[in-house]
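What follows is one structure encoded as structure tokens, with my remarks underneath.
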Amino acid sequence: MLQQMLDLYEIQKIDLGIRDVQKRLDEIPKDLRRLESQTGDLKNEVDKTRLERDALLREVKTLEENVTLENQKLKKWEARLAEIRNQREYLALSREIEGGKRQNRESEEKVQELKKRLAELEKKLGDMQTQVSTREGEATSERTKVDTDVNAVKEKLASETQRRDELLPKIPRPLLAKYDSIRAKRLGIGIVPVVGGLCQGCNMRIPPQLFNILQRGQTVEQCPSCQRIIFWDKLLANGGTAAAPAS
Ligand SMILES: [Zn+2]
């Protein structure tokens, strides 16, 4: 019975190790996922800024075309002005020409403004694209690191699972079933040593009579308080998993 308890305790240690390893497996890619999502956000921002820039470019182009057309028209009008003899007609056309020139000046100012904004957008785009490249570089090296770490952890998981599989046949089925059902209810811990008379699962003192039975190491006992399977820690120290004779 003692050896079975010690083997079961070894399985308990493996199970806790496996639980930690699986938690690590979930956590390893977290930095990578964050990096990837940041890069995605940044790329969206780049796309939005590009659209804004393209709209501005179209606006500038339209304004410049209008100014050109308007200038051609004004030149024709000025030529006609030279031929007009009627005072009233002359004044009317002069006013039209003045108005046209004023509007052109305003359009040209607007174009200058838009070009300033365009330059700002181009700079912002350039900066963001540099950032995207940096992030992508970081993501690539992080991906390599994640692969290496995940592989190492998976190897550990495989070897621990194998060690567990080798120990399993040594434990009687009812004891294993009891261990599994307690473990499911008690934070993954189904078997604990009793150290200095205290259950290491719940820290309650084991009644003296039960403690006497425990010290014989011949029966499967449970903590009256937390129900976990218990064994006397000195048996572990005396026997050890490998050296203890089967009993
Ligand atoms: Zn207990």
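No lab work stands behind these numbers, since they all come straight from the coordinates. These figures come from a predicted structure and were not determined experimentally. With ideal geometry, Cβ positions are generated from the backbone for all residues, glycine too; neighbour counts draw on all protein chains shown.
Tally Lys and Arg at +1 and Asp and Glu at -1 over the other residues with C-beta under 12 Å from the C-beta of I11: what net charge comes out? That sum, taken over residues with Cβ under 12 Å, equals -2. In this simple spin-label approximation, R50 and R24 carry label points 7 Å from Cα along the Cα→Cβ vector, and these lie 4.2 nm apart. Across segment 29-154, the mean sequence separation of Cα contacts (distance under 8 Å, 6 or more residues apart), normalised by length, yields a relative contact order of 49 percent. Once you reduce segment 140-159 and segment 48-62 to the center of their Cα atoms, the two points are 46 Å from each other. For the options V67, V192, V153, a Gaussian network treatment of the chain with springs between C-alpha atoms closer than 10 Å singles out V67 as fluctuating the most. Principal-axis analysis of the Cα atoms of the chain puts helix 173-185 at an angle of about 40° to the longest axis.
Taking every DSSP bridge with both residues inside the chain, close to 55 percent are antiparallel. Give me the angle, in degrees from 0 to 90, between the Cα long axis of helix 87-167 and the longest principal axis of the Cα atoms of the chain, rounded to the nearest 10. Between helix and principal axis, roughly 10 degrees. The Cα trace of segment 1-149 gives Rg and Dmax of 34.8, 128 Å, the first to one decimal, the second as a whole number.
Across segment 1-84, the convex hull enclosing all Cα atoms gives 46 Å³ per residue. Here the dipole of the chain is about 580 debye; that uses its Cα centre as origin and unit charges on the Cβ of Lys and Arg (positive) and Asp and Glu (negative). Counting every pair of alpha carbons in segment 64-220, the share spaced more than 23 Å apart comes to 74 percent. Of the residues G126, G99, G190, the one that moves most in a GNM of the chain with alpha-carbon contacts below 10 Å is G99. Extension gain for the segment K101 to L167, taken as residue separation times 0.36 nm less the Cα-Cα distance, is 14.2 nm to one decimal. Which entries of K43/K154; K43/K123; K23/K234; K154/K234; K30/K156; K101/K124 show an alpha-carbon separation above 25 angstrom in the structure shown? Going by Cα-Cα distance, K43/K154; K23/K234; K154/K234; K101/K124 fall outside the 25 Å limit. Given the C-alpha centroids of segment 168-182 and segment 189-229, what is the distance between them in whole angstrom? Each part reduced to its Cα centre gives a spacing of 17 Å. Other residues whose C-beta falls under 12 angstrom from the C-beta of R95 contribute a net charge of 0, scoring Lys and Arg +1 and Asp and Glu -1.
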